[in-house]
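Read-outs: derived from the displayed coordinates by stated rules, not from any lab. Just so it is clear, the structure is predicted and the values come from calculations on it, not from any experiment. Because the Cβ atoms are built from the backbone with ideal geometry, glycine has one as well, and the counts that use them run over all protein chains shown.
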């Protein structure tokens, strides 16, 4: 993406905001079910998850070590409990 392409930047920003909102809603459901720590800020966790998901997408393209990727997911889940 070119830094000066406002149209693309705005579209990506909208998509990321929507993804963060959906992740935050999932966190709220997990907190209500007693799966996730109820003291976590769902919006901050939504942003955290978005960042880690994007990072996993990149790592998945350059690293085919499923054990390593599974370890990262395990750490993410520990952070939520």
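If I model a spin label as a point 7 Å beyond the Cα along the Cα-Cβ vector, how far apart are those points for residue 15 and residue 78 in nm?
The two pseudo-label positions are separated by 3.2 nm.
Could you please state, rounded to a whole Å, how far the C-alpha centre of the range 47-79 is from the C-alpha centre of the range 1-24?
Each part reduced to its Cα centre gives a spacing of 21 Å.
Per the Kirkwood formula on distinct C-alpha pairs, the Rh of the range 13-57 is how many angstrom?
By the Kirkwood definition, the hydrodynamic radius is 10.5 Å.
With an 8 Å Cα cut-off and a minimum separation of 6 or more residues, compute the relative contact order for the chain in percent.
Dividing the mean separation by the residue count of the chain yields 27 percent.
Measuring from label point to label point, each 7 Å out along Cα→Cβ, what is the residue 39 to residue 25 span in nm?
2.8 nm
For the chain, what does -39500 (n - 2.57) per DSSP helix run (n ≥ 4), summed and divided by total residues, give at 222 nm, in deg cm²/dmol to the nearest 500?
-27000 deg cm²/dmol
Order 59-65, 16-22 from most to least packed using the mean count of other Cβ atoms within 10 Å.
My ranking of the peptides, most packed first, is 16-22, 59-65.
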